[in-house]
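A short worksheet on the structure shown next.
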Amino acid sequence: MKYTAIVLAGSRPGPDPFAAQYSVATKALIPLAGEAMVRRPVRALLASGCIGKVIVLAQTPDFIAAALPADPRLRVAKSGATIASTILALCESTDTQWPLLVTTADHALLDGATVDEFCTAAQGCDIAIGVVERGPLLKRLPQTKRTWLKFRGGAFTGANLFALSSPKVASAVEIWRSVEQDRKKASRIISLLGPVTLVATALRMRSLDHVISKLGDRLGLTIRAVTLSNPLAGVDVDKPADHALAEAILAGQA
């Protein structure tokens, strides 16, 4: 089964100081290890045997296209105003070729082996969400600062990898759209399961798999968390400190 990979390379509304620091139009074009950042996840996806084609979505597709390699499996198209609206439009389009793997242009340390691992583990469910466990990541990068979601049995950070099996996942995307601008997205989503689950999660009385399974039941979907073996899958480049860290990793200095 071949996935259609979607790389989200859009910009948030308003000026982007991070991109301006490097005199580029959008974050995806920030140089990293001598090339535009967006090229790195695109190259990883093209290297995976699980990916049939790659579509890069951005508000300024011409700028992005000029920075990408030439490959018949790759194209650039215009995105929506937000991540949720972009994915929802894909769900509603009759031209979308399922299943989808969704990632972001700032997933600069992604590699083909991680893509293969995730796609294999994602088979058989409606939605799969890539995560990295805190222990291995902090062992690899003790000084890194990530947002950790804490559950019974461990703490996890997102890996910016999502597998979507079919248009039926639109109900989950609608929920994402309703909380997209909320900095407490995780707690807002968990709160859909009721106060008992919300409190139990806060007290670390529920495992990640339990909460994900309950959320799937609530939506009528099978949802799976995929814990990835490469801890670097949990590192994205969203601010200058991340950029410096990624540069050091790629140079073999971190």
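Worth pointing out:
- Qualifying residue in region 133-143 (condition: modelled with pLDDT of 95 or more, part of a helix (DSSP H, G or I) and among the small types (Gly, Ala, Ser)): yes
- Any hit, region 120-139, residues being touching a Lys or Arg at 6+ places or on another chain (Cβ under 6 Å) and without any contact (Cβ under 8 Å) to a residue 12 or more places away in the chain: no
- Number of the condition not met by Trp98 [criteria: (1) buried (at least 17 other Cβ atoms within 10 Å of the Cβ); (2) among the hydrophobic types (A, V, I, L, M, F, W, C); (3) in contact with a Phe, Trp or Tyr (Cβ under 9 Å, 6 or more places away or on another chain); (4) part of a loop (DSSP other than H, G, I, E, B)]: (1)
- Residues that are farther than 14 Å from Ala241 by Cβ and free of Cβ contacts under 8 Å to residues at least 40 places away in the same chain, drawn from region 140-157: Pro142, Trp148, Ala155
- Residue pairs whose Cβ atoms lie under 9 Å apart, separated by 6 or more positions or on different chains, with the first residue in region 42-56 and outside any strand (DSSP E or B) and the second of a type in the set (Phe, Trp, Tyr), are Leu45/Tyr3; Ser48/Tyr3; Cys50/Tyr3; Cys50/Phe118.
- Criterion violated by Ala200 - all others in (1) out of contact with any helix residue (DSSP H, G or I) (no Cβ under 8 Å at 6 or more places or on another chain); (2) at pLDDT below 95; (3) surrounded by fewer than 17 Cβ atoms within 10 Å (Cβ to Cβ); (4) in a helix (DSSP H, G or I) satisfied: (3)
Rundown of residues vs (1) under 25 Å from Ser85 (Cβ atoms); (2) under 16 Å from the mean Cα position of the chain (by Cα), yes/no style:
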| site | (1), (2) |
| --- | --- |
| Ala28 | yes, yes |
| Pro31 | no, no |
| Met37 | yes, yes |
| Val42 | yes, yes |
| Leu45 | yes, yes |
| Gly49 | no, no |
| Val54 | yes, yes |
| Leu57 | yes, yes |
| Asp62 | yes, no |
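- Checked across region 20-34, the condition of being within 20 Å of Val237 (Cα to Cα), modelled with pLDDT of 95 or more and assigned to a strand (DSSP E or B) holds for at least one residue.
- Any hit, region 5-13, residues being in a helix (DSSP H, G or I) and touching a residue at least 60 places away in the same chain (Cβ under 8 Å): no
The values are calculated or read from the model by the stated rules, or taken from the named source; none is laboratory data. Keep in mind that what you see is a predicted model, and the values were worked out from it rather than measured. All Cβ positions, glycine included, derive from the backbone under ideal geometry; neighbour counts span all protein chains shown.
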